[in-house]
Amino acid sequence: MVRDEHLFPASATEHTLIGPPTYPLDRDAFRRALRTGHGRALIHARRYGLKGFEDDVLEAAIQDLRFDGQLEPSREVPIAELCAIAGIVERLLDKDPTGNDDCIEHHCEVLAQFHAEYPDRVIQVLKESMRPWPGCHSLFPVDPLLEVGGRDALLFVARRFGELLIDGSVERFDEYLFFAYEEVHGKGKAWIDLDAMAGDDPLVRACFDARRDRDQELLEMKLERDARRRAGEAAGKPEPKTRFSWPGGARPTIEQSVRDLTSGDFNYFYPWTKTSTLEERDAVEQLLQTVDDPNRIRDALRCLREHGFPNFEPGHLRFLHHENDEVRWWAGEVLANNSSPLIREEGLRRIDESEFSLGVTLLTHSALPEDTDRILSALEEPGDRDAVHDRVLALLEMAKDRPEMNPERLLQHVYEWSPCGNCHHKAVDAMKASDSLPAWIQDELQADMHAWGDS
């Protein structure tokens with residue numbers, strides 16, 4: 001597992017004394033800010049320039065440093081500003097987009113920010129980067145090209161997609177293919193402009209044909225859903241008002257729950273655990289006394305996640321020592337709902353033994369206020385980004401559920417160390433809601449790289 005040495009310091013003291021950054025940033029602090037998205041990277045750049053940091057900025061422009069590129073906002077605007085301050089725009093333009101698919105798109109989004117200064121070069125690189133999206137019926141990086149390239153780019157994308165349709169590389173039209181163009185020029189404008197430019201071009205006409213077929217397919221799917229809904233209502237079995245559904249359409253009985261809640265289907269477990277009665281949870285708890293199969297133990301625990309064990313007893317701690325990783329994880333999630341001193345002892349022991357995430361999870365409802373320092377001190381253990389993320393997620397949950405645990409300190413640690421923009425944002429929102437956002441964080445948010453700023 002790759003470790004990111006720039007996320008966690010070596011000393012627990014640095015964790016327990018969260019405060020404003022010291023400017024100018026040293027290189028390690030600047031590199032960590034690029035990864036976490038803190039506004040201090042831009043603040044440093046605007047005040048002191050970026051001499052000596054050019055390679056770090058170039059890496060941030062080429063490689064998508066976000067923790068989750070699908071869920072976090074793009075950082076192309078602040079990264080482009082850093083490139084301009086560092087004086088590396090020409091170096092960036094000379095770099096062919098490389099890396100994994102997400103990095104290619106990120107690279108192209110940053111390049112698009114320099115279209116006004118380098119229109120021909122940017123458009124050429126974006127066109128040369130165009131390729132089918134693996135496993136999907138689409139192209140990428142379409143959006144940055146359509147945002148800056150106008151009608152010429154629209155025609156280019158349509159013809160490229162038409163080629164893929166004709167040679168069978170894609171099987172249907174992607175209804176979001178021209179979304180970025182219509183964001184700029186207006187809904188429906190892509191098809192109006194294409195129709196005006198297409199003439200008899202067979203590649204563009206292939207897009208029109210594929211769009212017509214896709215629209216018909218979507219219409220038929222809607223009609224089928226509506227017919228199924230009406231039939232259910234006529235039979236007195238309306239569809240549940242949830243995105244989840246039960247196998248066979250009916251909520252399982254207790255007997256079915258004990259027998260069948262081992263399907264491995266999340267769509268089955270999630271609504272059941274949210275709506276389960278005490279009697280039903282008792283039945284599942286009884287099941288746990290009789291089964292040995294790890295999969296059945298895991299699934300029974302999943303059924304208890306929302307409410308915990310109905311009748312906690314010390315023997316339930318045995319699941320934390322199970323040989324199966326999933327059983328241990330789900331046991332922690334279930335036990336987190338109980339507040340026994342035994343669970344507290346187990347949680348504190350786990351964080352002391354470098355099982356921080358599990359330890360804090362166990363302490364969700366059992367920790368005492370005096371445990372806060374001990375919990376935060378345990379953050380000194382370095383780790384990869386996934387491990388760090390697990391730790392801050394646990395702190396977020398504790399801050400939300402336990403107001404007596406000094407949540408402001410917990411949230412400041414989440415803000416400081418989270419590699420994830422969403423967790424960063426949640427911590428900020430929680431501090432704002434409780435009127436506990438420190439002035440130095442408020443100032444730093446003005447240059448925040450997550451595109452949320454001071455919202």
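List the pairs from K274/K400; K127/K426; K187/K222; K51/K95; K127/K187 whose alpha-carbon separation is above 30 Å, in the order I gave them.
Pairs exceeding 30 Å: K127/K426.
Given H placed 1.01 Å from N in the peptide plane, which residues other than close sequence neighbours of F140 have an amide H under 5 Å from its amide H?
Counting only residues 5 or more places away or on other chains, the set is R131, W133.
At 0.36 nm per residue, minus the direct Cα-Cα distance, what do D386 and D26 gain on full extension? Give it in nm, one decimal, please.
127.1 nm
Suppose every K and R has +1 on its Cβ and every D and E has -1 on its Cβ; what is the size of the dipole of the range 130-239 about the Cα centre, in Debye to the nearest 20?
I would put it at about 320 debye.
Would you kindly compute the Cα radius of gyration of the range 130-239 and its largest Cα-Cα separation (Dmax), both in Å?
Using the Cα atoms of the range 130-239, the pair Rg, Dmax is 17.1, 55 Å.
What dipole magnitude, in Debye to the nearest 20, does the range 253-445 give about its Cα centre under +1 on Lys/Arg Cβ and -1 on Asp/Glu Cβ?
260 debye
Explain nothing, just the number: dipole magnitude of the chain about its Cα centre with +1 on each Lys and Arg Cβ and -1 on each Asp and Glu Cβ, in debye rounded to the nearest 20.
In total the dipole reaches around 820 debye.
Please arrange C83, C136 by how many other C-beta atoms lie within 10 Å of their C-beta, fewest to most.
Result, fewest neighbours first: C136, C83.
Tell me which cysteines of the chain come out unpaired when the rule is another cysteine's Cβ under 4.7 Å.
C83, C103, C108, C136, C207, C303
Starting from the eigenvalues of the Cα gyration tensor, five times each then square-rooted, give me the equivalent ellipsoid semi-axes of the chain, largest first, whole Å.
Its equivalent ellipsoid spans semi-axes of 44, 36, 17 Å.
Amide H of V170: which non-local residues (sequence gap of 5 or more, or other chain) have their own amide H closer than 5 Å, using H built in the peptide plane?
Long-range HN contacts for V170: L165.
Looking at the range 31-100, which trypsin sites (Lys or Arg not before Pro) are in a loop (DSSP not H, G, I, E or B) and have at most 12 other Cβ atoms within 10 Å?
Counting only loop positions with at most 12 other Cβ atoms within 10 Å, the trypsin sites (Lys or Arg not before Pro) in the range 31-100 are K51.
What distance in nm separates the two pseudo spin-label positions at D215 and R121, each 7 Å out from Cα along the beta-carbon direction?
Calculated label separation equals 4.2 nm.
Calculate how large, on average over all directions, the projected area of the Cα convex hull of the range 253-445 is; give the answer in nm² to one decimal.
11.6 nm²
How would M431, M449, M398 line up from fewest to most surrounding beta-carbon atoms within 10 angstrom?
In order of increasing Cβ crowding within 10 Å: M431, M398, M449.
A short reminder: the numbers here are calculations on the coordinates, not readings from a lab. Predicted, not measured: the structure shown is a model, and the values here were computed from it. So basically every Cβ, Gly included, is an ideal-geometry build from the backbone, and we count neighbours across all protein chains shown.
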